[in-house]
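K.L.:
Have a look at the structure that comes next, please.
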Number of protein chains: 2
Amino acid sequence: MANAIVSQSGGPTGVINASLVGVIEEACKCKDITNLYGAIHAVAGIKKEHFIDLKKLSIDTLECVAGSPSSALGSSRDKPDEAYCAQVLEVFKKRDIRYFFYIGGNDSANTCYIINNMAEKCGYDLRAFHVPKTIDNDLRVTDHCPGYGTAAKFVACAVMGDDLDNRALPGVKIDVIMGRHAGFLTGAAALAKTREDDGPHLIYIPERPVTMEKFLADVEGVYKKLGRCVIAVSEGIGDVDHVTWAEKLAANAERDAHGNVQLSGTGALADFLAGQIKGKLGIKRVRADTFGYLQRSFAGLQSETDVKEARECGRKAVQYAMKEDNGSVAMKRTGSGAKYGVEYFRTNLSEVAEKTKSVPDEFINKDGNGMTAAFVEYAAPLCGTLPRTEFLGGYPKV
Amino acid sequence: MANAIVSQSGGPTGVINASLVGVIEEACKCKDITNLYGAIHAVAGIKKEHFIDLKKLSIDTLECVAGSPSSALGSSRDKPDEAYCAQVLEVFKKRDIRYFFYIGGNDSANTCYIINNMAEKCGYDLRAFHVPKTIDNDLRVTDHCPGYGTAAKFVACAVMGDDLDNRALPGVKIDVIMGRHAGFLTGAAALAKTREDDGPHLIYIPERPVTMEKFLADVEGVYKKLGRCVIAVSEGIGDVDHVTWAEKLAANAERDAHGNVQLSGTGALADFLAGQIKGKLGIKRVRADTFGYLQRSFAGLQSETDVKEARECGRKAVQYAMKEDNGSVAMKRTGSGAKYGVEYFRTNLSEVAEKTKSVPDEFINKDGNGMTAAFVEYAAPLCGTLPRTEFLGGYPKV
């Protein structure tokens, strides 16, 4: 009999709360767990012992939490070093916390890993488990990450509507999508395409640096053919010198505690690209949007696949903790298309900590400006159901 | 027995296609209407006789159209003068078109009005009817406009999620929302607020110009009290000298054919406001998003009230055209809260043409930085159901 703690770290997602509820409902079933603490604002909340009693929440509250975007326990961008983690471990000892569930990305897996190693070294029996989440979909081992499908659904619905808008009032439309290093989320724009001439017509991801000349030539090619062009661009897109365009633009770039340059939330890249197209191609109607934080936090939009899997990942972490010392929850795909399904398994924290993955080559087209059918097959089931749409402009003239 | 034509003009919305389907289904019932033409790209398509046969569409296609954002017949930003309208009228005569249904905003009502007057002068029997649409909600006579409720729902869901995100990682968040002259859509951010300390904490609309000093003092006040601040700002917000901040920023402002400055689609205003808060208040975590075109085109998100009313407005236009010479469809509210409902009526084109309305004083708080309960009562039923959300950070410590 001992206490357990759960917390959420890093950038919120649309289903990180479903994972939290998965942890809570499974922990409530475990006779080995006395109290289940929720630490407010991640490791920062653990240090300060800012805990709430998660066993007291009603089923109605839990379902409401599971459907809410963002991190219901709050989050933190603190990147704990050894001294920080030692403080966390002291709190665990003081409160007799023997189960630690940490929902987050690869930095969170690393925090879990450090604390687990410290506990082992000093002979404190701790079960440390990482529950994956990230809209970037860039964690290793797992087939895909909870949080990605919902963000991908937002992107697909946004680009789908955007393409219809661009049909109604033709021109060039640029959509800047989150993703500093991995292009999975920007790639999800490809799911908006159901008709031959649907946008997005061009997709640029960080895995394929592109020169301004090539970018402009691509846009001009589509525009000459269709009289319009919808472009999905990752915020992390770079030139062939491997410096991102956003970095080139950001004279006063702000860096977060992890050393990542802050690109989201400003329209600089979108405005710059629109200016290039107007100025160098002489196209008059050029519009640009930066999707920003809506991609990870829009309320009331969840992928049904994603929310189900996120909750199950939370449950599995607790189940694994009853049998094993530490680990991270991962998913393996068991079928594709209509037979889509996943199996859950435990992987080592060291396999997930700090590392990331990129979009594999077979998901990117030869020209480096679009996604392949293999990518669509990979991403479509994660997104869940997308709306059907219709445009009448192509119907026969009378 | 004569032909009818329907077309869509101006900026697309999430339910302008529901109005189109309303026109189609009602026209299909009328024995007085032989052919129902859909003109592609509004008046531009009429001039070119780019018509499709709308009576041939299947019920499945019609339902898919009704659920799709954007203008399924395409749109146009052409602002027709007398000569242009004369050409349109010539096509009507040539094709024996006696019923003209034009779905759009106040500019479209004006086009309808001009063509109707021309037809009267030359003794051509034409029934010209305007069907209202605009996300800005700024048409006269009608209680509210089809298109507004759906855009308002998008804004409310976005700000609701954004506020939860800002609770998880506290700081200042600025959301720039569409609306050059009328603050109805920005005001809809107020619908995101369900708890006492929920954002948006500050709302700025064009009806209430504000100095940078007052804006910064407001933000500082909220930030000192709550440790965070979510702000909704209209793209048309101006200083007390009545020059909008966006205009001050836009050295190379692009104007559309109606003389409106193009503000949407760039992050300039959002970035400027974020910079002011960082620089002058010394707050470190300041983020800003410009919602852009997603507000009018996001696929798969419609307010159930809005889509129903938009469709009915289309039907009513056809019904009125069987009895009257011309007009615009308007709505009158018959009850509030749970008793919300509307009655439809015909109003004169001249009452709607070119004119606009602003947010009335009783909807804006005394400080000019928020909306009143009266506004929330007005806007909530138009939005339809909003998601329930939960944040656990405020639960008692253990």
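K.L.:
So which residues in the range B:58-107 are among the hydroxyl-bearing types (Ser, Thr, Tyr) and touching a residue at least 40 places away in the same chain (Cβ under 8 Å), if there are any at all?
P.N.:
Correct list: B:SER68, B:SER70, B:SER71, B:SER75, B:SER76, B:TYR84, B:TYR99, B:TYR102.
For (1) more than 17 Å from the chain's Cα centre (by Cα); (2) hydrophobic (A, V, I, L, M, F, W, C); (3) within 14 Å of chain A (Cβ to nearest Cβ), each residue gets a yes or a no:
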position: B:GLU90; (1), (2), (3): yes, no, no
position: B:ILE135; (1), (2), (3): no, yes, yes
position: B:ASP138; (1), (2), (3): no, no, no
position: B:THR142; (1), (2), (3): no, no, no
position: B:TYR148; (1), (2), (3): no, no, no
position: B:ALA168; (1), (2), (3): yes, yes, yes
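K.L.:
Would you mind telling me which numbered condition in (1) away from chain A (no Cβ under 14 Å); (2) in a loop (DSSP other than H, G, I, E, B); (3) surrounded by fewer than 20 Cβ atoms within 10 Å (Cβ to Cβ) B:ASP78 fails?
P.N.:
It fails just one condition, (1).
K.L.:
A further question on this structure: Do you know which residues across the range B:98-121 are outside any helix (DSSP H, G or I) and under 17 Å from the mean Cα position of the chain (by Cα)?
P.N.:
B:TYR102, B:ILE103, B:GLY104, B:GLY105
K.L.:
Does A:LYS323 satisfy the condition of being surrounded by fewer than 16 Cβ atoms within 10 Å (Cβ to Cβ), within 16 Å of the chain's Cα centre (by Cα), away from chain B (no Cβ under 14 Å) and outside any helix (DSSP H, G or I)?
P.N.:
Against the criterion (surrounded by fewer than 16 Cβ atoms within 10 Å (Cβ to Cβ), within 16 Å of the chain's Cα centre (by Cα), away from chain B (no Cβ under 14 Å) and outside any helix (DSSP H, G or I)), A:LYS323 does not qualify.
K.L.:
Another question, if that's okay. If you go through the range A:43-68 one residue at a time, how many are of a type outside the set (Ser, Thr, Tyr) and assigned to a loop (DSSP other than H, G, I, E, B)?
P.N.:
Of the residues in the range A:43-68, 5 are of a type outside the set (Ser, Thr, Tyr) and assigned to a loop (DSSP other than H, G, I, E, B).
K.L.:
Right, next: Among the residues of the range A:40-57 satisfying the criterion of being free of Cβ contacts under 8 Å to residues at least 40 places away in the same chain and within 22 Å of the chain's Cα centre (by Cα), which is farthest from the other protein chains (Cβ to nearest Cβ)?
P.N.:
A:HIS41
K.L.:
I've got another one for you. Considering each residue of the range A:274-333, count those that are among the β-branched types (Val, Ile, Thr) and within 29 Å of A:ARG98 (Cα to Cα), and give that number.
P.N.:
Number of matching residues: 3.
K.L.:
Can you pull out the residues in the range B:366-398 that are within 14 Å of chain A (Cβ to nearest Cβ), of a type outside the set (S, T, N, Q) and part of a loop (DSSP other than H, G, I, E, B)?
P.N.:
Hits for the range B:366-398 are B:GLY384, B:LEU386, B:PRO387, B:ARG388, B:GLU390, B:PHE391, B:LEU392, B:GLY393, B:GLY394, B:TYR395, B:PRO396, B:VAL398.
K.L.:
Of the numbered conditions (1) farther than 20 Å from B:PHE391 by Cβ; (2) outside any strand (DSSP E or B); (3) within 27 Å of the chain's Cα centre (by Cα), B:ALA189 satisfies every one except a single condition; which is it?
P.N.:
(1)
K.L.:
Would you point out the residue of the range A:1-39, among those that are part of a loop (DSSP other than H, G, I, E, B) and crowded, with 18+ Cβ neighbours inside 10 Å, that is farthest from the other protein chains (Cβ to nearest Cβ)?
P.N.:
In this case the residue turns out to be A:VAL15.
K.L.:
Still on this structure, I have one more. Within the range A:352-365, track down each residue that is touching a strand residue (DSSP E or B) at 6+ places or on another chain (Cβ under 7 Å) and in a helix (DSSP H, G or I).
P.N.:
Filtering the range A:352-365 down to residues touching a strand residue (DSSP E or B) at 6+ places or on another chain (Cβ under 7 Å) leaves A:352, A:363-365.
Residues satisfying the conditions are A:VAL352, A:PHE363.
K.L.:
Can you run down the residue pairs with Cβ atoms below 7 Å, 6 or more apart or on separate chains, where the first is in the range A:274-303 and farther than 30 Å from A:GLY227 by Cα and facing chain B (nearest Cβ under 7 Å) and the partner is assigned to a strand (DSSP E or B) and not aliphatic (A, V, I, L, M)?
P.N.:
If the second residue must be assigned to a strand (DSSP E or B) and not aliphatic (A, V, I, L, M), the pairs left are A:TYR293/B:ARG287; A:TYR293/B:ASP289.
K.L.:
Might you check whether a residue that is in contact with a Ser or Thr (Cβ under 9 Å, 6 or more places away or on another chain), in a helix (DSSP H, G or I) and closer than 20 Å to A:GLY11 by Cα occurs anywhere in the range A:122-145?
P.N.:
No - not one qualifying residue is present in the range A:122-145.
K.L.:
Of the residues B:GLY161, B:GLY179, only one is farther than 26 Å from B:GLU309 by Cα and either modelled with pLDDT of 95 or more or surrounded by 24 or more Cβ atoms within 10 Å (Cβ to Cβ) (or both); which? Break it down stepwise before answering.
P.N.:
Details: B:GLY179 fails: farther than 26 Å from B:GLU309 by Cα.
The conditions single out B:GLY161.
K.L.:
Here's a follow-up. Just to verify a result, which residue in the range B:326-365, among those that are of a type in the set (Phe, Trp, Tyr) and outside the structural domain of B:GLY183 (by TED's automatic domain parsing), is surrounded by the most Cβ atoms within 10 Å (Cβ to Cβ)? Steps first, answer last, please.
P.N.:
The initial filter retains those residues of the range B:326-365 that are of a type in the set (Phe, Trp, Tyr), namely B:340, B:344-345, B:363.
Then keep just the ones that are outside the structural domain of B:GLY183 (by TED's automatic domain parsing); that gives B:340, B:344-345.
Values: B:TYR340: 14, B:TYR344: 17, B:PHE345: 15.
Filtering first and then ranking leaves B:TYR344.
K.L.:
Another question about this same structure. Return the total of residues in the range A:29-83 being β-branched (Val, Ile, Thr) and within 19 Å of A:ALA317 (Cα to Cα). Before you say what the answer is, go through the steps one by one.
P.N.:
Keep residues of the range A:29-83 that are β-branched (Val, Ile, Thr), which gives A:33-34, A:40, A:43, A:46, A:52, A:59, A:61, A:65.
Filter once more, keeping what is within 19 Å of A:ALA317 (Cα to Cα): A:33-34, A:43, A:65.
Qualifying residue count, the range A:29-83: 4.
K.L.:
Quick one: would you say A:ALA190 is under 21 Å from A:VAL219 (Cβ atoms), more than 14 Å from every other protein chain (Cβ to nearest Cβ) and in contact (Cβ under 8 Å) with a residue 12 or more places away in the chain?
P.N.:
In short, yes.
K.L.:
Then there's this: Is it the case, given these coordinates, that A:PHE363 is within 14 Å of chain B (Cβ to nearest Cβ) and touching a residue at least 12 places away in the same chain (Cβ under 8 Å)? First the steps, then the outcome.
P.N.:
Numbers: within 14 Å of chain B (Cβ to nearest Cβ): no; touching a residue at least 12 places away in the same chain (Cβ under 8 Å): yes.
The answer is no for A:PHE363.
K.L.:
Mind checking which residues of the range A:334-349 are of a type in the set (Ser, Thr, Tyr), at pLDDT 95 or above and part of a loop (DSSP other than H, G, I, E, B)?
P.N.:
Correct list: A:TYR340 only.
K.L.:
Ok, one more. From A:LYS173, A:LYS214, A:LYS225, A:LYS193, grab the single residue that is of a type outside the set (Gly, Ala, Ser) and touching a strand residue (DSSP E or B) at 6+ places or on another chain (Cβ under 8 Å).
P.N.:
None of the others qualify; the one that does is A:LYS173.
The values are calculated or read from the model by the stated rules, or taken from the named source; none is laboratory data. As the structure is a prediction and not an experimental result, all values here were calculated from the model. Here the Cβ is made from the backbone with ideal geometry for all residues, glycine too, and neighbour counts use every protein chain on show.
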